[in-house]
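The next block holds one structure in the form of structure tokens; read it before the comments.
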Amino acid sequence: MNQFPNTFTWGTATSAYQIEGGWNLNGKGPSIWDAFCQIPGKIAKNETGQVACNHLEHFKEDILLMKQMGLDAYRFSISWPRIQPKGYGKKNKAGIQFYSELIDCLLEHDIEPWVTLYHWDLPLALQLEKDGWIGDEISDYFTQYADICFEHFGDRVKHWITINEPWVVAMLGYGQGVFAPGRSSNSEPYKAGHELIKAHAKTVQLYRTKYQKEQGGIIGISNNCDWREPLTNSPEDRASAQRALEFFLGWFADPIYLGDYPEIMKKKVGDRLPSFSEEEKSMIKGSSDFFGLNHYTTMYAADASSKQVKTSVYGNGGLSEDQQVSLSTDPSWKQTSMNWSIVPWGCRKLLEWIDQRYGHPEIIITENGCAFDDQIIDGHIQDNQRQEFYQSYLEESLKAINNGVKLKGYFAWSFMDNFEWASGYEKRFGLHYVDFETLERTPKLSALWFRDFLSGQKK
Ligand code: PNW
């Protein structure tokens with residue numbers, strides 16, 4: 001493969017609930033995921049993140065493994081209820097201490113911390129007492145929590161991500177109910193999305209007015225989006241692919257880059273889509289220093305304006321009915337163990353679409369990766385498919401750069417196997433294999449390939 005720019009940032013990513021464990025240790029409060037995992041049938045095999053990879057106690061060993069891979073950066077998330085057990089009021093010293101040590105240890109090894117403030121583990125008290133992300137005050141609670149993080153960690157953390165994948169929080173948490181808090185509705189996702197955007201923007205405003213000048217960091221949001229390829233070349237199918245992208249990524253990125261929701265969403269969702277005041281619009285517009293993108297897969301889009309679309313890969317949530325697009329895959333595409341198709345060129349097309357629609361922003365791929373049923377052969381994890389996945393997605397990313405896209409960094413999801421939400425531990429996304437009995441970590445073939453690839457890039 002050709003060279004990436006030498007200023008390019010290379011990292012891996014994780015999130016708190018998926019790796020930390022210690023769900024009730026050292027003063028941490030319960031989160032909506034702690035509660036959700038207690039409901040029989042919500043998680044494969046009724047597994048939970050109570051122990052996960054016990055990163056809480058193994059973090060130093062994990063940082064050494066990152067060092068061995070030659071990574072520049074590590075993206076992790078802070079557990080809000082570890083910092084504020086109830087999500088508001090009193091802060092928890094032991095929680096602050098943990099992240100402080102983690103950050104120090106990364107910096108001692110020359111690894112840049114990229115910190116996500118919210119990767120889905122909302123303090124349970126905010127759900128029970130304040131209606132979680134559909135409550136009217138949630139964006140203020142979030143901003144107060146973020147303030148604590150900037151105050152305690154901002155001297156050392158120079159890269160902040162406010163919220164991970166608001167689309168997933170809204171759609172899977174409030175539309176289909178397959179993720180915490182497990183609610184099903186065709187209007188709540190739009191209200192949750194609205195509050196998530198406000199929480200992001202208020203937090204960025206706080207960082208910019210109170211901390212950015214002195215601390216000198218940057219702050220943004222990570223949105224997820226799949227690519228949508230028109231099924232045929234008909235004007236209808238091409239319009240549906242565009243519409244599907246606007247409903248997926250435009251929902252969150254349009255307010256931030258263009259100042260309001262996409263017109264097509266306003267038209268099709270009607271009064272279930274809340275509206276921003278002029279003051280909110282101007283606070284939200286321009287509220288991201290970089291374009292964080294999580295990308296996993298691609299599907300075909302075909303027009304379904306004349307049909308009632310009831311189902312999609314994401315179930316029966318309001319979204320698929322509202323956008324009136326039918327999604328499908330190509331039988332020739334290989335799939336991961338999540339049944340997500342492997343379509344590297346979709347990654348390039350999405351990067352180019354973002355570049356064009358949002359005025360050539362600096363993009364960071366904050367997640368890209370794949371799950372496979374890894375086989376251990378003679379003590380080695382032979383995950384050739386994962387290695388090929390990374391190589392092919394990176395090749396297409398490099399093509400996008402050569403076509404003028406300002407892609408500045410890439411984080412592989414994930415550093416190690418972990419708690420894959422509703423799928424439990426069965427789906428393995430890691431570059432490192434984790435034996436969940438002994439918690440022993442082992443680099444997979446893909447981690448070794450990455451190490452060699454990075455050393456080639458750094459010459
Ligand atoms: C992302 N979807 O989740 C998350 O940021 C990670 O925590 C997660 O482990 C990773 O991707 C792999 O799943 C997603 O249904 C979950 O489109 C679901 C979807 C997308 C992303």
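The values are calculated or read from the model by the stated rules, or taken from the named source; none is laboratory data. Just so it is clear, the model here is predicted, and its values are computed rather than measured. Cβ atoms come from the backbone with ideal geometry, glycine included; neighbour counts cover every protein chain shown. All accessible areas refer to the heavy atoms of the entire protein, side chains included, with ligands and DNA or RNA removed. Shrake-Rupley method; radii C 1.70, N 1.55, O 1.52, S 1.80 Å.
Structure values in brief
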| quantity | calculated |
| --- | --- |
| Residue check, TRP345 modelled with pLDDT of 95 or more, more than 23 Å from the chain's Cα centre (by Cα) and surrounded by 15 or more Cβ atoms within 10 Å (Cβ to Cβ) | no |
| Neighbours by Cβ (under 8 Å, 6+ apart or cross-chain): first from region 129-149, of a type in the set (S, T, N, Q); second not in a helix (DSSP H, G or I) | GLN144/TYR88 |
| Region 330-342, residues that are of a type outside the set (Phe, Trp, Tyr) and buried (at least 18 other Cβ atoms within 10 Å of the Cβ) | THR336, SER341, ILE342 |
| Residue check, SER392 at pLDDT 95 or above and under 17 Å from the mean Cα position of the chain (by Cα) | no |
| Some residue of region 183-195 being more than 18 Å from MET283 (Cα to Cα), at pLDDT below 95 and buried (at least 24 other Cβ atoms within 10 Å of the Cβ) | no |
| Hits in region 202-220 (condition: open to solvent by 10 Å² or more (accessible area, probe 1.4 Å) and either within 16 Å of the ligand (Cβ to nearest atom) or at positive phi (or both)) | GLY216 |
| Long-range neighbours under 6 Å by Cβ, at least six apart or interchain, first residue acidic (Asp, Glu) within region 380-404, second in a helix (DSSP H, G or I) | ASP383/LEU445; ASP383/SER446; GLU396/PRO344; GLU396/TRP345; GLU396/CYS347; GLU396/ARG348 |
| Residues that are surrounded by fewer than 22 Cβ atoms within 10 Å (Cβ to Cβ) and in contact with an Asp or Glu (Cβ under 9 Å, 6 or more places away or on another chain), drawn from region 105-130 | ASP110, ILE111, GLU112, LYS130 |
| Failed item in (1) buried (at least 18 other Cβ atoms within 10 Å of the Cβ); (2) at pLDDT 95 or above; (3) more than 24 Å from TYR74 (Cα to Cα); (4) not aliphatic (A, V, I, L, M), with GLN324 passing the rest | (2) |
| Residue count for region 84-115, restricted to those that are more than 16 Å from the ligand (Cβ to nearest atom) and either aromatic (Phe, Trp, Tyr) or out of contact with any strand residue (DSSP E or B) (no Cβ under 9 Å at 6 or more places or on another chain) (or both) | 19 |
| Residues of region 348-368 classified as part of a strand (DSSP E or B) and either open to solvent by 10 Å² or more (accessible area, probe 1.4 Å) or out of contact with any helix residue (DSSP H, G or I) (no Cβ under 8 Å at 6 or more places or on another chain) (or both), total | 3 |
| Top-ranked residue in region 1-50 [being exposed (fewer than 15 other Cβ atoms within 10 Å of the Cβ) and under 30 Å from TRP449 (Cα atoms); ranked as modelled with the lowest pLDDT] | MET1 |
| Residue ID - surrounded by the fewest Cβ atoms within 10 Å (Cβ to Cβ), chosen from residues in region 420-452 that are free of Cβ contacts under 8 Å to residues at least 60 places away in the same chain and assigned to a helix (DSSP H, G or I) | ASP452 |
| Pick from region 377-419, criterion open to solvent by 20 Å² or more (accessible area, probe 1.4 Å) and touching a Phe, Trp or Tyr at 6+ places or on another chain (Cβ under 8 Å), ranking: farthest from the ligand (Cβ to nearest atom) | ILE401 |
| Filter result for PRO81 (crowded, with 24+ Cβ neighbours inside 10 Å and out of contact with any Leu (no Cβ under 6 Å at 6 or more places or on another chain)) | yes |
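Residue-wise test of (1) farther than 16 Å from SER328 by Cα; (2) in contact (Cβ under 8 Å) with a residue 12 or more places away in the chain.
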{"position": "PRO230", "(1), (2)": "no, yes"}
{"position": "ASP237", "(1), (2)": "no, yes"}
{"position": "ALA244", "(1), (2)": "no, yes"}
{"position": "LEU249", "(1), (2)": "yes, yes"}
{"position": "LEU258", "(1), (2)": "yes, yes"}
{"position": "ARG272", "(1), (2)": "yes, yes"}
{"position": "PHE291", "(1), (2)": "yes, yes"}
{"position": "SER306", "(1), (2)": "yes, no"}
